[in-house]
Structure formats: structure tokens, C-alpha cells
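Novice: Sharing a structure, written as C-alpha cells. Questions coming.
The values are calculated or read from the model by the stated rules, or taken from the named source; none is laboratory data. The structure displayed is predicted, hence computed values, not measured ones. Backbone-built Cβ (ideal geometry, glycine too); neighbour counts: all protein chains shown.
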């Protein structure tokens, strides 16, 4: 990281959302990161793979995509410039979605040059059902990040909402929510607060590392 201690620490949230639930978590993560002083936060979405005609034929999907048009498409350069990166993906059979997989698969050049080594990372997800792969999606999403040499953080149990017995998401691995079989259940207040905690923690740790790096330069 080539950042001076006086510069703002850069936190990037990269996500994919089909019905808007992962996007809501992404915005909560961003809000949490912004609570850390001297941190600049950016939201990016990954490229869509669903054919346009299918999106146009689905009114809910169409409206979600319309609401996200102001969020730019993520690039490898965005990753390089960031000090901390939080990845958000809905689950697909206990794993990340194809859109996020394609984005990460295109980072081979960054891996070869070690461009993401020592950047702080976190992961969040949304699933249709309570046991639909929240933990497996987050953990398997961490595997390519480890290959990149990133420093992965989760949500410690100092976040008391992890002890909640209410139906919802959140785990020590990262933020999450349950959207229901029709993807029409928004993240709960607890889900959003845990997402803020994740964003805040990534920002805090990225800032400390960036400042240390700046002191050595």
C-alpha cells in the first residue's frame, strides 16, 4: 500500500444484488465504514450476467437494477487503490454467485503481481432460507481472498447482536440476512447493524495498517 498517514484510508464495497437485499447490506457496510474518521468509502457492483430481456421481463429485478444505476461497475483498479475491501454476494447453493465469481476470476493479473497482498477484506451475504448457506458462502468466498494474501476479518462477539435469538443473519464470519424464498424479506435491524459493524471493523483495521505503512515511508 502506497499511502501516506495524512491521506484518507480507502474502503471499497464490491457486491452483486439481484433483488436488492445484498445491496441493502452493502449500503449498511458502507455506513459503518464511514463512521471511522478519515476514511473514504466507495460502492461498486460487479457486472451482470443475466440477459437484459430476462431482467426487463421481471418487474422486481428491473426496479432493483434501475435503483442501482448510480453505482459504478467494479474494476481491478478499484481493488488496487483500496486499503480495505468488503465483498457481498447472494448465495448460490452455498457458494458465491456467478457474477462475483467472474469478477474474482478476472483478478489473475493482480494475483501474479501481488497487488492485493495485505489489504484487509471482509465478506457478507444474503440467503433465501435460514440454513441456505450463509456460513458456507462467506467461508468459501474467503478462499480466493487468501490466495491473494489478503487479511480477512469477521465480526467478533463483542457485537452483542450475534447472540440474538431472532430469525436473521450475522455470524463471526461476516454479515448476512435471510431474504425468504421469494427474496422479498429485507434485512432486519440486527442484520443491518451487524453489517455496519463489519464495515466499521474493516475500516478501522485497514486504517491502522495504512497508517503504519505511511510511517515507514
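Yes/no per residue for (1) without any contact (Cβ under 8 Å) to a residue 12 or more places away in the chain; (2) within 18 Å of residue 12 (Cα to Cα); (3) within 17 Å of the chain's Cα centre (by Cα):
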{"residue": "157", "(1), (2), (3)": "no, no, no"}
{"residue": "169", "(1), (2), (3)": "no, no, yes"}
{"residue": "174", "(1), (2), (3)": "no, yes, yes"}
{"residue": "177", "(1), (2), (3)": "no, no, yes"}
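Novice: Which of the helices (runs of 4 or more DSSP H) found entirely inside the stretch 21-97 contain at least 1 residues meeting this: within 15 Å of the chain's Cα centre (by Cα)?
Specialist: Details: elements: 21-34, 52-57, 59-67, 76-81.
Counting at least 1 such residues, we get 21-34, 76-81.
Novice: Residue 17 is checked against (1) within 29 Å of residue 168 (Cα to Cα); (2) in contact (Cβ under 8 Å) with a residue 24 or more places away in the chain; (3) outside any loop (DSSP other than H, G, I, E, B); (4) in contact with a strand residue (DSSP E or B) (Cβ under 8 Å, 6 or more places away or on another chain) and fails just one. What number does that condition carry?
Specialist: The one condition residue 17 does not meet is (3).
Novice: Kindly indicate which of 132, 149, 122 is in a loop (DSSP other than H, G, I, E, B) and either in contact with a strand residue (DSSP E or B) (Cβ under 7 Å, 6 or more places away or on another chain) or within 22 Å of residue 20 (Cβ to Cβ) (or both).
Specialist: None of the others qualify; the one that does is 132.
Novice: Here are 75, 9, 69, 22: which of them is surrounded by fewer than 23 Cβ atoms within 10 Å (Cβ to Cβ) and closer than 24 Å to residue 142 by Cβ?
Specialist: 75
Novice: Yes or no: residue 151 at pLDDT 95 or above and closer than 23 Å to residue 177 by Cα?
Specialist: When the stated conditions are applied, residue 151 does not pass them.
Novice: Check the stretch 187-209 and report whether any residue there is buried (at least 16 other Cβ atoms within 10 Å of the Cβ), more than 13 Å from the chain's Cα centre (by Cα) and outside any helix (DSSP H, G or I).
Specialist: Yes, that holds for at least one residue.
Novice: State all residues of the stretch 179-217 that are free of Cβ contacts under 8 Å to residues at least 40 places away in the same chain and within 18 Å of residue 121 (Cβ to Cβ); if no residue qualifies, say none.
Specialist: 194, 208, 212
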